[in-house]
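We did not get these values from a lab; they are worked out from the coordinates using the rules stated. The structure displayed is predicted, hence computed values, not measured ones. Virtual Cβ from ideal backbone geometry, glycine too; neighbours counted across all protein chains shown.
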Amino acid sequence: MQLFLRQFFQYLYQHTQKAFSRFLLQLGIEHADEQTLSAIPLIERIKVAVTAFITLFMVVTVSLQIQNEEAVIILIGSMGASSVILFALPTSPLAKPWCFIVGHSLSATIGFVLTFFIHDFALLAGATIALVLMAMYIFECMHPPAAATALIPALASQHMAIDIQILYPIMINIAVFFVMSQLLNRLIMRRKWSKPLPSYDPVHLHHDQTPLKRLGLQKEDLMVAINRFDTVLAVSEQDLEQIYQEAQRNAYQRRSGEILSRDIMSSDVITVRANTSLGQAWRLLHKHKISMLPVVNEEKELLGVISSVDFLKNLSVPSYSGLLKHVNRMLVKRKHSKEVNNLVQDLMVTNVVAVKDTDHIVALVPLLSDIGLHHIPVLDSEQKLCGIITQSDLIGALYQVNQKD
């Protein structure tokens, strides 16, 4: 009997736990397979809150100058909802400027026009939202908070006679909110305005895909998959591609093991100082048969790099046949003393992409392939130069990984 009761309660406990887990999943409390919002860096969450505060403060301040307080209370609701989408979900298709401006403006206009044809409030509210949704589908301006804007004329019509002037404060709110959101997104959130994606390799200026995109998932594949959904996805094609690539890197890192930058870098690095002469730097490149020299200070902190390409940028030669002769005369044979006596700091590049010695080799792949770098300086925990990684180093490491597999 005791064994039966123990088994019964164990069975009951297991099924109750499963049922409770399904209940939490339906409520959205359990989301092991979704993004964890708490994983977003705290500083980013603070920026979102500050940006929303400033924007709503300005919208309400301007609104109070042009209308009474009761109207502001009604109007501000939809703007508050928009702030969540525009600032907390900035990459969502719902947060696009077109969706915000046209969504709110079109919804307010539809709500205003319907008040002249439908007088029953329940029917008016339902018809307004239905037509607004259809208009959002047609004009591709889906923006959920705009539905609240559409109901403003419907609510106002139940208490007073309305005319076209009811749309003026709504449009002013939309304009102020849009200007403030775009401005603060640049100043506080540091988010750049969208640019059209190039249809060619931006590094080498040809029409082939970048190396990482020539195999595997293509943009066309994503667009076909997205358009097969019968509901609106709150994620853009660019975000999906970035998620896919990040997942691929994570999977490769798991398969290849912990191979770090410090494991494949060259640690015996030939360096120069900022006050080294260009002639001496050129001879070092020639002597060691390398094409790039890191520029460091006495503490081995990276100041910049100088490469053979930097020597050629400002040269003007009539033809390719005279190029090497010109460089040789200028730097090696010292026939142009002015150029020879110039310093590395006059020619070096200071905007340098570097990696940490603890970075996994998978982080190097896009830098040495798509971006087009040939050398990457490696920094230690004290931000001091400790090595260099070349394309050859990475190819060798990837070959060894494949050999192990």
Problem - chymotrypsin sites (Phe, Trp or Tyr not before Pro) within segment 224-272: DSSP coil, no more than 11 neighbouring Cβ in 10 Å - result: Phe229
Problem - Separation of the Gln242 and Val352 label points, Cα + 7 Å toward Cβ, nm - result: 2.8 nm
Practice task
Could you work out how far apart the two model spin labels at Glu382 and Ile118 are, taking each label as a point 7 Å from the Cα in the direction of the beta carbon, and quote it in nm?
Solution key: 7.3 nm
Practice task
Using Cα centres only, tell me the gap between segment 75-115 and segment 223-242 in whole Å.
Solution key: 21 Å
Completion exercise
For Ile259, other-chain or 5+-apart residues with amide H closer than 5 Å (H placed, Pro excluded) are Ile361
Handout entry: Relative contact order of segment 41-187, defined on C-alpha pairs under 8 angstrom at six or more residues apart (%)
Key = 34 percent
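A 30 angstrom limit on the alpha carbon distance is what I want to check against. Which of Lys287/Lys384; Lys287/Lys356; Lys289/Lys356; Lys192/Lys289 exceed it?
Going by Cα-Cα distance, Lys192/Lys289 fall outside the 30 Å limit.
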Problem - Loop-located GluC sites (Glu not before Pro) in segment 220-299, at most 11 other Cβ atoms within 10 Å (DSSP) - result: Glu258, Glu298, Glu299
Handout entry: Full-extension gain in nm, Thr16 to Leu155, via 0.36 nm per residue minus C-alpha separation
Key = 45.4 nm
Exercise for the section: Go through segment 132-141 residue by residue and turn each phi into a ³J(HN,Hα) via Karplus (6.51, -1.76, 1.60, θ = phi - 60°); whole Hz please, and just put x for glycine and proline. Expected result: 4, 4, 5, 5, 5, 5, 5, 8, 6, 10
